[in-house]
Each structure stands twice: as structure tokens, then as C-alpha cells.
Amino acid sequence: MQTSSLELKGSSFTLSVLHIKHQDLDKVAQELDSKLAIAPQFFLGAPLVVNLSAITDGEYSLAGLKDLLVSRQLVIVGITAAPSAIAAQAKTLGLAIIKSGKQADNQPQLPKTTKIVKQNVRSGQQIYAKNGDLIVVGAVGNGAEVIADGSIHIYGSLRGKAMAGAAGDRNAVIIAKSLDAELVSIAGQYWLTENLNEHSTTQSGCIRLEGESLSVEPLAL
Amino acid sequence: MAQIIVVTSGKGGVGKTTSSAAIATGLALKGHKTVVVDFDIGLRNLDLIMGCERRVVYDFVNVINGEANLNQALIKDKRCDKLFVLPASQTRDKDALTKEGVGKVLQDLAKDFEYIICDSPAGIETGAMMSLYFADIAIVTTNPEVSSVRDSDRILGMLQSKSKRAEEGLEPVKEYLLLTRYSPARVTTGEMLSVADVEEILAIPLIGVIPESQAVLKASNSGVPVIIDQESDAGQAYSDAVARLTGEELPLRFVTEEKKGFLKRIFGS
């Protein structure tokens, strides 16, 4: 099989963005010089994206700005938030027009949300706290199921099934005021009633995953 | 404003129909105009317990389908003129009940009656769901044994999620526990769950404890609601439950083992 001579892959980089807030190039040059003087090594050869959102004049000379920055040994990779007339200039100068990816890039994870249930979970009911912890203020009856991607706290008797760390979080725990469960599970490791009875003589407790097996410790609740 | 009360349990044979008949009769005897509706389409029993089986001409399904009007189908009780029975159909099945049809009938009944008692069939299928859907109050009939308690728990979950009040986000259905076939002696020997055990698991207010009693079977077979038999412990316990339902506060009776007297020990009970 022939190996490909190139490969195209998406990747993201952090770039400094230089906001130009004034039309007058001389004024910009003056301020830039004083900034560069503070940390000359830091900016040397630094790739920059120029944000032109404050520039409204279509006649603005992008070439002039580019010369100014290049003469200070700054590397412009592209411009962003520019009016269309300036964007056209960028094309002829060989500069990329970059769309700010702020919205797309800045949400790698949804914030964790906690689900609170303030009543008994009855037989046949199933409650799932996606991407967060589950708190039940009440009992979980026989034949009821409570599931969470995070930890599960039950301020009442756990007589049904509780599954914490449903998405694989091995640090999740199950805490109940009275452990009388049909099944407890953390990140896929589970105990049935008899396993639980072998390990626990206490009423209230905390179940966690240690290595590949579950463990229970008494808690005074 | 009429109160719609469902007598439900999930499990069969725990005493829903007996309780429906007794509670409806009790309310009527207290002077409230009451109708008791049999939702057990295809397995109708309420008319037998009420002793009106020979007077059934039209039934609930006929009314839903517009084949008869309510006045034709309602049977007036012989013992109490405030009490009416709407019997179920014996020849149809539960699918004859539609949400619209049942809603319409209950709405019409609500114009004339103070209390509408819905006698739910066992199970969690159409018939049972229809009987609890429109309820304002649920009387969850439970025997002191684990399978009955678990099924009651399931029904309580349904009341909290599948009833009209739950779906429309109104004030939730008021739930009461009615413990039937209770035998204090068997609780003492550990064969039966105690009142406290059941209350702890179901966590709803207790409205009455009906002792296991010969009088219940006798009353059922003779078509007289057991509440009429005020000599019996079960009849008195139902009266207490009805009184609590209408807001009275009474201490629980028949929950502790009766000390057998000298003569009873010799001659039996």
C-alpha cells in the first residue's frame, strides 16, 4: 500500500489578537513601540491576528498596517472582524480572514449540573442525572432505579437500585442514610444485596470504588 | 365541587372493591350524595358487593358510547337514597375506556354528586390508569405483605407522574394508605408486616386499618357493604376511615392484639 505524501488534519492553536482601535497609523506605531519596549523578546516573531472591528473606513490601508507590523518583526497570519472592503484588501495581500471560533472552541465540556429529587422514588420509577450528581431527599423504593453520571446521595432508605458513575467516573460514590439496596454499582462494578450484606453491617454508609472492587464504609448520618 | 376518589392498589385481591363499597356507603350514610363507579370492565364485581346485580340494565361503557344516558345507567341503592352505583360492563374489555369518554362521564357526575368513588381494577393497564387519571384523592389499599406493598409503591409512582393533576402541574393527588386484612396476632408472630413497617416504606398518611374479619366475606356474599354491619370490627374500622376522610381525627383501633378473656379462651372466639 502506498503511503500518502500528505495528511490534512484539523488542529487548534492559541494566537494573540491585536485590536486596532484607531485609524491613524502613526498613533498606532507610537503606542505599539512603547508596548514592545516592555517585553521585546515576547513579541519577537509572534504570530498575530489583527482584529479590525473598530475600523469603519473602507479606504483604510491594510498594506500600511502590515508594513508597520512587519517592520517590528511581528508576523501577521490573518485578520478578523474586518469590514468587507478591508477583507478584499487582505486577499490581495495574501492574509487569511479568520473567523473567531470563540463560541465553538470554548465549550469542551458542559458545566456539571446536580439533579435534586425532593420526594420518594417509587417502584417502577427511574431517575437519571446526566452529567452530574443526583440528590434524593426521600427514599428509593424496591424496584426503583436511580442513576447518575456523578455521585448519588440519598437522604432516606435505599431499597432499590443505585448506579453512580454511569458514564465511567470511577471517583463517584453512593451515599445513603440506610443501605438496603437491591443493587449498587459504580462505573460498572456492582454488588447485589447479598454482596452488600457480606461487607456491611451498618445502616448508613458510603460506597466507593477501590481498584476493581467496591467498598463500603460506615457513615454517621 | 365534587371530589373524585380512586380506590386503587396495583395488586389484585387486596380489597379494593370491598373498600370502595364500604367507603361509598359510609359517605352516603353521613349524608353526602355519593356515586361509586366500577372501572373493572369485563370483571364487574362491585354490583355484587353492593347487592344490585339484578338491577343492572345499562352500564358505564353504554354511557361512554352514548347508548344510554347517565340516569338510565345509575342504580339507586336500596338502603340509602344518597348512594348510587354506576356498574361496569361484563361483556367488554378495558379498551372500551377512553380518556375523553371517562372524563366526560365524570364531569357529568360531578354536577350532581359530592363524592365520586372510582373502584379501580388490579394492574397498571388501561382500566387502572383511567380510574386514577382524574382523581383528586387516592386511597391506596394495601395488605400487610411485601408484594402488595411494592405494587402500592408502583401505583403511587403512577399517581405522581401519570395522573391528570401531575400532567397539568396542579396540586398533586392526595394519597392515603388504607391497610386491609390486618391481623395483629400475625404481626406479633412476625408473619405479617406491621402498620409501622408499611407506613415507613410507603410514606403516605394512614387513613385506616381494617382488621382481617369473617364479617367481610359474609357481607360480600350477601351483597351488603361491610360498613353496614356495625357489630363487626371491620365495619367499625371502615366507619373510622370514612370519618378521617371527611376530616375527623380518630385514634386507630384494632391494631393491637386483643387479650382473650377467660371465657373466650375456653369457648374460642
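Here's a check for you: in the stretch B:168-178, which residue that is in a strand (DSSP E or B) and among the hydrophobic types (A, V, I, L, M, F, W, C) is nearest to the other protein chains (Cβ to nearest Cβ)?
In this case the residue turns out to be B:Leu177.
For the stretch B:156-167: of the residues being part of a helix (DSSP H, G or I) and more than 8 Å from chain A (Cβ to nearest Cβ), which is nearest to B:Val6 (Cα to Cα)?
B:Leu159
I'd like to know if the stretch A:29-45 contains one or more residues that are over 35 Å from the mean Cα position of the chain (by Cα) and open to solvent by less than 30 Å² (accessible area, probe 1.4 Å).
yes
Identify, please: which residue in the stretch B:200-252 is within 14 Å of another protein chain (Cβ to nearest Cβ) and in a loop (DSSP other than H, G, I, E, B) and is, among those, most open to solvent (accessible area, probe 1.4 Å)?
Per the stated criteria, the residue is B:Pro205.
Output the helices (runs of 4 or more DSSP H) that fall wholly within the stretch B:1-107 and possess 2 or more residues being surrounded by fewer than 18 Cβ atoms within 10 Å (Cβ to Cβ), or say none.
Of the helices (runs of 4 or more DSSP H) lying wholly inside the stretch B:1-107, those with at least 2 residues that are surrounded by fewer than 18 Cβ atoms within 10 Å (Cβ to Cβ) span B:70-73.
Determine which member of the set B:Thr91, B:Thr8 is of a type in the set (Val, Ile, Thr) and under 17 Å from the mean Cα position of the chain (by Cα).
It is B:Thr8.
So, in the stretch B:179-199, of the ones that are closer than 19 Å to B:Ala234 by Cβ and part of a helix (DSSP H, G or I), which residue ends up least open to solvent (accessible area, probe 1.4 Å)?
That would be B:Val198.
Pairs please, first residue from the stretch A:82-99 and in contact (Cβ under 8 Å) with a residue 24 or more places away in the chain, second anywhere and exposed (fewer than 14 other Cβ atoms within 10 Å of the Cβ) and part of a helix (DSSP H, G or I), Cβ atoms under 8 Å, 6+ apart in sequence or on different chains.
A:Gln89/A:Ala63; A:Leu93/A:Ala63
Within the stretch A:113-159, take every residue that is surrounded by 18 or more Cβ atoms within 10 Å (Cβ to Cβ), away from chain B (no Cβ under 14 Å) and not in a strand (DSSP E or B) and give me the one that is farthest from the chain's Cα centre (by Cα).
For the stretch A:113-159, the residue satisfying everything is A:Ser151.
If I go through the stretch A:160-189 residue by residue, how many of them are in contact with a Gly (Cβ under 6 Å, 6 or more places away or on another chain) and either of a type in the set (A, V, I, L, M, F, W, C) or open to solvent by 30 Å² or more (accessible area, probe 1.4 Å) (or both)?
Looking only at that region, the number is 6.
Looking only at the stretch A:1-20, filter to residues that are part of a loop (DSSP other than H, G, I, E, B) and touching a strand residue (DSSP E or B) at 6+ places or on another chain (Cβ under 9 Å); which one of those is modelled with the highest pLDDT?
A:Ile20
Quickly run through the stretch A:191-221 and pick out the residues that are open to solvent by less than 100 Å² (accessible area, probe 1.4 Å) and small (Gly, Ala, Ser).
The answer is A:Ser200, A:Ser204, A:Gly205, A:Gly211, A:Ser213, A:Ser215.
When the stretch A:47-63 is examined, which residues are found to be open to solvent by 20 Å² or more (accessible area, probe 1.4 Å) and not in a strand (DSSP E or B)?
A:Ser53, A:Ala54, A:Thr56, A:Asp57, A:Gly58, A:Glu59, A:Ser61, A:Ala63
So in the stretch B:118-168, with the set limited to residues that are within 15 Å of the chain's Cα centre (by Cα) and of a type in the set (Asp, Glu), which one is least open to solvent (accessible area, probe 1.4 Å)?
Applying the filter and picking the extreme gives B:Asp119.
Run A:Ile98 past the list (1) open to solvent by 20 Å² or more (accessible area, probe 1.4 Å); (2) more than 14 Å from chain B (Cβ to nearest Cβ); (3) modelled with pLDDT of 85 or more and report the number of the one that doesn't hold.
It fails just one condition, (3).
Return yes or no: is A:Thr92 farther than 20 Å from A:Asp26 by Cβ, open to solvent by less than 20 Å² (accessible area, probe 1.4 Å) and among the β-branched types (Val, Ile, Thr)?
no
Any idea which of A:Ala85, A:Ala166, A:Ala172, A:Ala90 is within 30 Å of A:Ala39 (Cβ to Cβ) and not in a strand (DSSP E or B)?
A:Ala90
Out of the residues in the stretch A:160-175 that are of a type in the set (D, E, K, R) and either within 13 Å of chain B (Cβ to nearest Cβ) or over 20 Å from A:Ser123 (Cα atoms) (or both), state the one that is nearest to the chain's Cα centre (by Cα).
A:Asp169
Collect the residues in the stretch B:185-205 that are under 14 Å from A:Arg122 (Cβ atoms) and small (Gly, Ala, Ser), keeping them in residue-number order.
Passing the criteria: only B:Ala203.
Within the stretch B:122-155, count every residue that is within 14 Å of chain A (Cβ to nearest Cβ) and not basic (Lys, Arg).
Here the count works out to 18.
If a residue has to be surrounded by fewer than 19 Cβ atoms within 10 Å (Cβ to Cβ) and outside any loop (DSSP other than H, G, I, E, B) to count, how many in the stretch A:70-79 make the cut?
So the answer is 5.
Starting from residues that are in a helix (DSSP H, G or I) and of a type outside the set (A, V, I, L, M), keep the ones in the stretch B:108-117 and report whichever is least open to solvent (accessible area, probe 1.4 Å).
B:Asp108
The values are calculated or read from the model by the stated rules, or taken from the named source; none is laboratory data. Small disclaimer: the values here were computed from a predicted structure and weren't measured. Here the Cβ is made from the backbone with ideal geometry for all residues, glycine too, and neighbour counts use every protein chain on show. Only protein heavy atoms, including side chains, enter the accessible area calculation; ligands, DNA and RNA are left aside. Shrake-Rupley method; radii C 1.70, N 1.55, O 1.52, S 1.80 Å.
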